[in-house]
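Asker: Quick one: the structure is below, and I'll ask about it shortly.
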Amino acid sequence: MSLAEERQRKTSARNGWLLSAPALILLTLAASGPLLVVLVYSFLEKGQYGNVLWDFSTDGWTGILFSRDIFDDTLKLADAHLTIFWRSVKLSFLTTIITFLLGFPTAWFIATRTPAHRAIWLFLITIPFWTNLLIRTFAIGEILRSEGLINTALIRLGIIDQPIQMLYNDGAVLVGMAYVYLPLMVLPLYSAIERFDMRLLEAGYDLFASRMQVLRHIILPIVKPGIIAGSILVFVPSLGAYVTPRILGGGKNMMIGNFIELQFGQGRNWPLGAALSMTLLVVVTVALLFYVRTLGKGGSGGGHG
Amino acid sequence: MKEDIAVTAESVVKSFGHGAAAVRALDTVSAAIRKGEFFTLLGPSGCGKTTLLRLIAGFETPTSGRILLGADDVTDLPPNRRPVNTVFQSYALFPHLTVRENVGFALKMLGRPASQISARTAEMLALVKLEELADRATAQLSGGQQQRVALARALAPQPKVLLLDEPLSALDLKLRKEMQVELKRLQQETGITFVFVTHDQEEALTMSDRIGVMSNGKLQQVASPREIYTAPVNRFVADFIGETNFLPVTLVKEGARLGSGEIVAAEGKGGVLTIRPEQVNVVRADKAGAIGARVENLIYFGTDMHVHMRLGDGAALVARMPLPPGGDGGLAPGDAVGVTFAKGAARLIEE
Ligand SMILES: Nc1ncnc2c1ncn2[C@@H]1O[C@H](COP(=O)(O)OP(=O)(O)OP(=O)(O)O)[C@@H](O)[C@H]1O
Ligand SMILES: [Mg+2]
């Protein structure tokens, strides 16, 4: 490239940046402004009535893991908090696993239909998205509750005579989240499987691989980007889930989202709520960075021959 | 001898679809492919070559009939349990594995120890001359290199039979010629039975020990290239392989009588006489025993010349001769000439 061309290219690039500057500034402010408020609040003293006092304090951050003894003022590990974190991570992880186990065969089924049928199946998969999350979650509750669909059916069939308590426990939350987030797993898996060259299956069988070996050594490694994308798309919102654990888990089975809400409401501890929010954000960001990096590395994996 | 047979197809029928829409891709095909031979399936597009190969590999099961490998009936065995490997037309290399891992794949699936896999893989890479590219991703290879990886991958587990479905059709002409030589060398070095599919007759004639000519789901003739060329059993084979003349004849005591009345000697049986253009000699019209003809046209092909003629009854006949030093050998359209057939070259075949 000649010097003049180079200069020309740089100028036009600079003009491009200048033109988009207003939009970029707005975006930056809109994205980082509220975050900045949250960050600042996490380092302030909590107020008596839920507001904040403008004094520097790290109590919000220590409050994540420790609680102060009301008598001797010593710090102790806050078991209740740890239980909530552990439940959040556990349920999100299990949700990811369940949606994968259900979503993979579903995505495979759709991707192996004729193109015209694929569109119909994909549409069916996304239908729940058109319905309000609250309504969907209540619908699950309606199915699970003591006088609900399942219990009524089982009693009528004479299989049980007392309704089984299925609502307001971790299992109910899991069912609800798996249902709500399943499409987020199916769609990226579908797009990875759709690009998968089915002729590789025959090559695998020809080279003495059993069905399980073909799955493990050919299909899974090649659709890995789709698996990672789906897992993160399910795991991240699961971790911050609020509506589902609230409605299906009852008051006791809190997840991080409910816990944060509690701090800004009845708990009246805004700094702790802010610190918890920041922590969640960091965890999610790390997960996304991991995702982007693996995609960058394995990007050529999905290509065709 | 039964022990010498690597692959047997016994009255194999393969139909796709049901009822009125059913396609009979293979129609009662029987063949015996010998151990260590380079066997080629040749035929026009859609004649069932790939279907027969897929039946041998185990990707399809026959509608009726049996497939045997050696003495074993493998008709109902899945592909991963047949000692047969395939070089796919699309190569079907694993995009997430390196060249080395692709080549070692089958041995890994068979659970061989790592030391054996790496030794065998290295041996295969040397055989196809790809040692330097062993750790590349397959997407970074040229078509010819991918072809070699596909070959090495299929040869690594030492199959009893190697199936190749038009493996050269994606390559350009020069590379194709190189790979033809290469394939032949590999086949001779490894001693493995090759079943090779092509619709390129020249490829089939130069590479094969024996050729099976197919059309419409039927195996028309199985013979050596020379025999296929010089003694085709029917009009389809004669027409498909090389160029040839067809003349309707009636059989008489002395031989075959042409439409124009002359009687020529011919071997075989049937109502059509075939003669290759290069076996037709153009002579003076008054030469004894010559068939009368009239030159219609002269066409030059570099070193060769084609003489298009008509016999007394209007039947078309083409002769091919090396270009005479003078240019046209004294021939011109409209000339009356005589025609003789090289001894033993004229053959009778079924319509
Ligand atoms: N899975 C299938 N379903 C329906 N018909 C098929 C199927 N596979 C092959 N056929 C039909 O069987 C016939 C033989 O096909 P085949 O692929 O064996 O031909 P081929 O000789 O390999 O042709 P080509 O040289 O074009 O590869 C064709 O008419 C084809 O349409
Ligand atoms: Mg074919």
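Asker: Checking buried surface per residue: for region B:76-95, which residues lose a minimum of 20 Å² accessible area in the protein assembly relative to the chain alone (1.4 Å probe)?
Answerer: B:P79, B:N80, B:N85, B:F88, B:S90, B:A92, B:F94, B:P95
Asker: Given H placed on each backbone N at 1.01 Å, which residues far from B:V283 in sequence or on other chains put an amide H within less than 5 Å of it?
Answerer: Answer set, sorted by chain and number: B:G338, B:V339, B:T340.
Asker: Once phi is turned into θ = phi - 60°, what whole-Hz ³J(HN,Hα) does the Karplus curve with 6.51, -1.76 and 1.60 give for every residue of region A:249-262, x standing for Gly and Pro?
Answerer: x, x, x, 7, 8, 6, 10, 3, x, 5, 5, 5, 4, 4
Asker: For region A:69-131, would you read off the P(r) tail past 19 Å as a percentage of all alpha carbon pairs?
Answerer: Beyond 19 Å sits 60 percent of the P(r) for region A:69-131.
Asker: Continuing with this model, one more query. Apply the Karplus parameterisation 6.51 cos²θ - 1.76 cosθ + 1.60, with θ equal to phi minus 60°, to every residue of region A:10-23 and state each ³J(HN,Hα) to the nearest whole Hz, in sequence, with x for glycine and proline.
Answerer: Each residue's phi maps through the Karplus curve to give 5, 4, 5, 5, 5, 4, x, 4, 4, 5, 8, 3, x, 5 Hz.
Asker: Kindly give Rg over Rh for region A:76-303, based on alpha-carbon atoms, with the Kirkwood expression for the hydrodynamic radius. Let's see the in-between values first.
Answerer: Numbers: Rg = 20.5 Å, Rh = 19.7 Å.
Reported Rg/Rh (Cα atoms, Kirkwood Rh): 1.04.
Asker: Oh, and also: Given the pairs B:K35/B:K108; A:K224/B:K160; A:K10/A:K224; B:K108/B:K184; B:K218/B:K253; A:K224/B:K14, which span a C-alpha to C-alpha distance of over 30 angstrom in this model?
Answerer: Violating the 30 Å Cα-Cα cut-off are A:K224/B:K160; A:K10/A:K224; B:K218/B:K253; A:K224/B:K14.
Asker: In square angstrom, what is the accessible area per residue of region A:76-303 with a 1.4 angstrom probe?
Answerer: 51 Å²
Asker: Just to compare against my own numbers: the Cα pair-distance distribution for region B:163-248, 5 Å bins, whole % per bin, please.
Answerer: Whole-percent P(r) values from 0 Å outward: 3, 13, 24, 23, 17, 13, 5, 2, 1, 0.
Asker: Let me know the mean shielding of B:58-66 by other chains, meaning the per-residue number of their Cβ atoms within 10 Å of its Cβ. Present the calculation step by step, with values, prior to reporting the outcome.
Answerer: Values: counts 3, 4, 0, 0, 0, 0, 0, 0, 0.
What the average comes to for B:58-66 is 1.
Asker: If only Cα atoms are counted, what is the Rg of region B:196-351, and what is its Dmax, in Å?
Answerer: 16.5, 49
Asker: Could you pull out every residue, at least 5 positions away or on a different chain, whose amide H is within less than 5 Å of the one on B:L41? Hs are placed 1.01 Å off N in the peptide plane, and Pro or chain starts have none.
Answerer: B:F196, B:V197, B:T198, B:G212
Asker: Roughly to the nearest percent, how much of the accessible area of chain B is carbon and sulfur, given a 1.4 Å probe?
Answerer: 51 percent
Asker: Summarise the partner chain shielding of A:189-201 as one whole number: the mean count of Cβ atoms from other chains within 10 Å of each residue's Cβ.
Answerer: The mean count of partner-chain Cβ atoms within 10 Å per residue comes to 2.
Asker: Using a 1.4 Å probe on the protein chains only, how many percent of the accessible area of region A:76-303 belongs to carbon and sulfur?
Answerer: Working: 8100 of 11550 Å².
Carbon plus sulfur share of accessible area: 70 percent.
Asker: Hey, can you rank B:68-79, A:113-124, B:228-239 by average C-beta count inside 10 Å, highest first?
Answerer: Sorting B:68-79, A:113-124, B:228-239 by mean packing, highest first, produces B:228-239, B:68-79, A:113-124.
Asker: May I ask you to evaluate 6.51 cos²θ - 1.76 cosθ + 1.60, the Karplus curve with θ = phi - 60°, for each residue of region B:92-101 and list the ³J(HN,Hα) values in order in whole Hz, giving x for glycine and proline?
Answerer: 6, 6, 7, x, 8, 10, 6, 4, 4, 5
Asker: To the nearest 20 debye, what charge dipole does region A:76-303 have about its Cα centre, counting +1 at the Cβ of each Lys and Arg and -1 at the Cβ of each Asp and Glu?
Answerer: On the way: 18 positive and 10 negative charges, 65 e Å.
With Lys and Arg at +1 and Asp and Glu at -1, about 320 debye.
Asker: Continuing with this model, one more query. Am I reading the B/A interface right? What is its buried accessible area, both sides, 1.4 Å probe, to the nearest 100 Å²?
Answerer: Counting protein atoms only, the buried area is about 1900 Å².
Asker: Find the all-direction average of the projected area of the Cα convex hull for region A:1-128, expressing the result in square nanometres with one decimal place. Don't jump to the answer; show the numbers that get you there.
Answerer: Working: hull surface 72.3 nm².
Mean orientational projected area (region A:1-128, Cα hull): 18.1 nm².
Asker: D for the protein assembly as shown, whole µm²/s, Stokes-Einstein with Kirkwood Rh over alpha-carbon pairs at 4 °C and 1.567 mPa s: what number?
Answerer: The calculation lands on 40 µm²/s.
Asker: For B:L163, what residues show an amide H to amide H distance below 5 Å, using hydrogens built from the backbone and excluding near sequence neighbours?
Answerer: When sequence neighbours closer than 5 places are left aside, the close amide H contacts are B:N85, B:T86, B:V87, B:V195.
Asker: Please list, by residue number, every one of the trypsin sites (Lys or Arg not before Pro) in region B:279-351 that is coil in DSSP and has at most 13 other beta-carbon atoms within 10 Å.
Answerer: Filter output for region B:279-351: B:R284, B:K287, B:K343.
Asker: I've got another one for you. Among DSSP beta bridges whose residues both lie in the protein assembly as shown, state the antiparallel percentage, nearest 5.
Answerer: Working: 63 of 84 bridges.
In the protein assembly as shown, approximately 75 percent of DSSP beta bridges are antiparallel ones.
Asker: Per residue of A:213-222, count partner chain C-beta atoms within 10 Å of its C-beta, then hand back the mean as an integer. Numbers along the way, then the final one.
Answerer: Numbers: counts 5, 2, 0, 0, 7, 5, 0, 1, 4, 4.
Per-residue shielding by partner chains comes out at 3.
The values are calculated or read from the model by the stated rules, or taken from the named source; none is laboratory data. The model shown is predicted, which means the values in this text are computed figures rather than measured ones. We place every Cβ from the backbone using ideal geometry, glycine too, and count neighbours over all the protein chains shown. With ligands, DNA and RNA removed, areas are computed over all heavy atoms of the protein, side chains included. Shrake-Rupley method; radii C 1.70, N 1.55, O 1.52, S 1.80 Å.
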